[in-house]
Amino acid sequence: MINNLVEPWRRGAANSTLFTALDLGIGTGAVVTGYLASLVGLSEAFGALAATSICGLLLYFLIAQPHYLRHTRQ
């Protein structure tokens, strides 16, 4: 999606930003999940993370997708 929103000469920067954020999210998520599981237990940790994922999905459908569709229709 991001490559459709940037100029062709900026796609390298867009890709590197995306993959840096993805790597940081995976690494940080693993550490946070382990810490949270040690505090409240594995079932509760995964329940909290499921709720966080649902919030992210809602934000995508309410904010990111309409923005993307507005800027890709020409």
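Here, each number is a calculation from the coordinates, and none is a lab measurement. Keep in mind it's a predicted model, so treat the numbers as computed, not measured. Cβ sites come from the backbone with ideal geometry, for glycine too, and all protein chains shown count toward neighbours.
When the alpha-carbon atoms of the stretch 2-72 are used, the pair Rg, Dmax equals 16.1, 47 angstrom. Which value at 222 nm does the chain reach when only helices count, each DSSP H run of 4 or more adding -39,500 (n - 2.57), with the total divided by all residues and rounded to the nearest 500 deg cm²/dmol? Rounded to the nearest 500, the figure is -26500 deg cm²/dmol. Each label point was placed 7 Å from the Cα along the Cα-to-Cβ direction; for Leu57 and Ser38 their separation is 3.0 nm. At full extension, Arg11 and Phe46 could sit 9.1 nm farther apart than now, given 0.36 nm per residue minus the alpha carbon distance.
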